[in-house]
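Below is one structure, written out as structure tokens; comments come after it.
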Amino acid sequence: LAQMERDFDVLGAEIERLQSLSRPELIDLMQAGINMDVLFRTDEAVLADTTGDRLAQLAGTLASMGDIRIQLDGFADERGAAEYNQVLSERRVQFIRDQFVAAGVHPDRINANAHGESVAQDETVDSYALERRVSVKLFIDASPSLASN
């Protein structure tokens, strides 16, 4: 057990060293922001297990990176009543926010907005599928107050 603990310590130190070497590149990338869309099935506000597992892994990683902020924007496709679609987009964005918070991301690091309907490019199943989403943007806030800290 003692040898295993030493091995874990060595591995942890190596990971920290590698992170410190790549940190400047990561900061440059994050200042520009990373965008991705999390897609939902029709009339659903939770994710399938495989997608949810990947989101949980990402959230766990972000929990330890306190300078990264998260912008969430929820949408529904244009089918259905506007009021219903607004509530559905709110439920979707809340679900994603809750996943990040459950993984340890502080709620103050997350800004979430629900936008309701998003107009599809055309009236095909594929176009509608792309509108049922929560857009996730990861970025480092480059405001003067953060830089001074």
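The values are calculated or read from the model by the stated rules, or taken from the named source; none is laboratory data. Since we're looking at a predicted model, the values are computed, not measured. All Cβ positions, glycine included, derive from the backbone under ideal geometry; neighbour counts span all protein chains shown. Surface accessibility is based on the protein's heavy atoms, side chains included, excluding ligands, DNA and RNA. Shrake-Rupley method; radii C 1.70, N 1.55, O 1.52, S 1.80 Å.
General remarks:
- For segment 75-121, a simple Cβ point-charge model (Lys and Arg +1, Asp and Glu -1, everything else neutral) yields a dipole of about 180 debye relative to the Cα centre.
- Rg/Rh ratio calculated on Cα atoms of segment 86-128 (Kirkwood radius): 1.13
- Distance from the Cα centroid of segment 97-115 to that of segment 47-62 is 13 Å (rounded to whole angstrom).
- Here the dipole of segment 41-141 is about 400 debye; that uses its Cα centre as origin and unit charges on the Cβ of Lys and Arg (positive) and Asp and Glu (negative).
- When Glu90, Glu78 are compared by accessible area at a 1.4 angstrom probe, the order from most to least is Glu90, Glu78.
- List Met36, Met65, ordered by accessible area with a 1.4 Å probe, largest first: Met36, Met65
- Rg and Dmax, both from the Cα atoms of segment 52-94 and both in Å, are 14.0, 40.
- In a fully extended conformation the segment linking Gln57 and Val125 would gain 21.5 nm over its present Cα-Cα distance, using 0.36 nm per residue.
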